[in-house]
C-alpha cells in the first residue's frame, strides 16, 4: 500500500508540473486567459490546452478525455465544449504557441512539405451520395523545423495539392527568430528563393536542380549561382531532421 501511495504521489507531481508548464507557455506566448469575450468565465484557456494535449498524446476521444481528467481531479470542460472550441481556435493562435516553444537563437532551420491522409467516411455514406469509393482527400503540410531542438517553428496546411515552393515565403515570414542558415531540397531551388534569403541575410543551403538538356530562359540567376558556390553537403545532411518529424506525425495519426 505504501508503494502504491508513493506512485500516486509521483504521478500527481508530474501532473502539477505539466499544468504549470502549459500555463507558463501560454503566458510566454501572450495568449488571452479566456477563449471568448462574452459568456460565463468558467474555464480558462489552459483547461482546454491540457485536454487537447492529453487527447492527442493518448489518442482519446473528447468524452474519454473529459472523464479521465475529471477522475484525476483536473477541471475540464464538457466534451461538446472541447470540440466546439477546438474547431474555432484560429491558426495564428497555434503559430504563437509554436513561437513560444522555440529558442531565442536559431542557427539552422529546415523547410519541407509532405502529404497527409485524412480519415475517409464509410462506404455506405459514399453509396448514398453516389460517389466512387475511395475518394482521395489531400491534405498538405509545410513545416519549418529547428534542426538542433527538432521543434516546429512555423507551419501551413493546405486542403489541395500545391508545389512545395509556394509556402516558402509564408514560412519565412512566420519564423519566430531569424535563422543563420536554411536547408531545403531541390524542389526549393529557385532564384527568387535565394534572393529572398539573401535580402534577409540568411544562407540558403539548397542543392541545384538538374534541368537536363532543356533550355530554360533565365533572366537573373546571380543569387542562385551564389547559393551553388556556398553549398555544403555536410550542412545539407541536417535536412533529415525534418523527415524524422514527418515520420513521427504520420505514425501518430495512424
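Taken together, the values in this text are just the output of simple stated rules run on the coordinates, not laboratory data. Owing to the predicted nature of the structure, the values given are computational and were not obtained by experimental measurement. With ideal geometry, Cβ positions are generated from the backbone for all residues, glycine too; neighbour counts draw on all protein chains shown.
Take each peptide in 34-40, 196-202, count the other Cβ atoms within 10 Å of every residue, and average; sorted highest first, the result is 196-202, 34-40.
Testing the spin-label approximation: label points 7 Å from Cα along Cα→Cβ at residue 25 and residue 180. State their distance in nm. Between residue 25 and residue 180, the label points sit 2.8 nm apart.
The gain in end-to-end length when the residue 231 to residue 33 segment is fully stretched comes to 66.7 nm, 0.36 nm per residue minus the alpha carbon separation. Projecting label points 7 angstrom from Cα along Cα→Cβ for residue 201 and residue 53 puts them 3.6 nm apart. Counting other Cβ atoms within 10 Å as a rough exposure proxy, the listed residues 122, 142 run 122, 142 from fewest neighbours to most. Taking label positions 7 Å along the Cα-Cβ direction at both residue 86 and residue 169, the computed distance is 3.5 nm, reported to one decimal. Compared with the alpha-carbon gap, the fully stretched path from residue 139 to residue 125 is longer by 3.0 nm at 0.36 nm per residue.
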